[in-house]
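Encoded as structure tokens, the structure appears first; notes follow it.
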Amino acid sequence: MAKIGNHEIVYSETFLVPSGKDIWFTANISGWSVTVNVTFEEGEKQEITVRPVSDHAHIKLVNWNNSLGTALVEPAILGTHQDGRKLYFMVVNYRIGQTNRLDIQLLLGGSE
């Protein structure tokens, strides 16, 4: 088992994403099938939003387009497992030309 602080790393992946494309993945987290869609958008300011959709979570990254990288500095909540533990995520993105390199980790448990 790998951990960061008191959070167990339950999923970790790198995606190379061409311009105009988004990411879809499903992770099995202790019997819970979690589907996530990550999209990239341009906008006025840099932000991240997370919202539940009927059968998946949608993470929207707005202006995450720095070639030196953009990252969350603390785990953000994605949901709650049926056993009551929180599911968090961490992301870092590098924009190189028209390609995004996104690293994402899902973390279970810990404290906020």
Problem set entry | 24 Å Cα cut-off, lysine pairs counted over the chain (separation 8 or more, or different chains) | 5
For this session: Compute the length gained on full extension between residue 41 and residue 101: take 0.36 nm times their separation in residues and subtract their Cα-Cα distance, giving the result in nm to one decimal.
Result: 20.2 nm
Exercise. So how strong a dipole does the chain carry about its Cα centre when Lys and Arg Cβ are +1 and Asp and Glu Cβ are -1, to the nearest 20 debye?
Worked result: 100
Seminar exercise, completed: Residue-ordered couplings for segment 57-72, obtained by feeding phi - 60° into the Karplus form 6.51 cos²θ - 1.76 cosθ + 1.60 and rounding to whole Hz (Gly and Pro as x), are 9, 10, 10, 10, 9, 9, 6, 8, 10, 7, 5, 7, x, 9, 8, 6
For this session: Please list 4-13, 17-26 highest first by mean number of surrounding beta-carbon atoms within 10 Å per residue.
Result: 4-13, 17-26
Exercise. Each label point is 7 Å from the Cα along the Cα-to-Cβ direction; what then is the distance between the points at residue 76 and residue 21, in nm?
Worked result: 2.2
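Laboratory data are not the source of any read-out in this text; all were calculated from the coordinates shown. None of these values were measured; they are calculated from a predicted model. With ideal geometry, Cβ positions are generated from the backbone for all residues, glycine too; neighbour counts draw on all protein chains shown.
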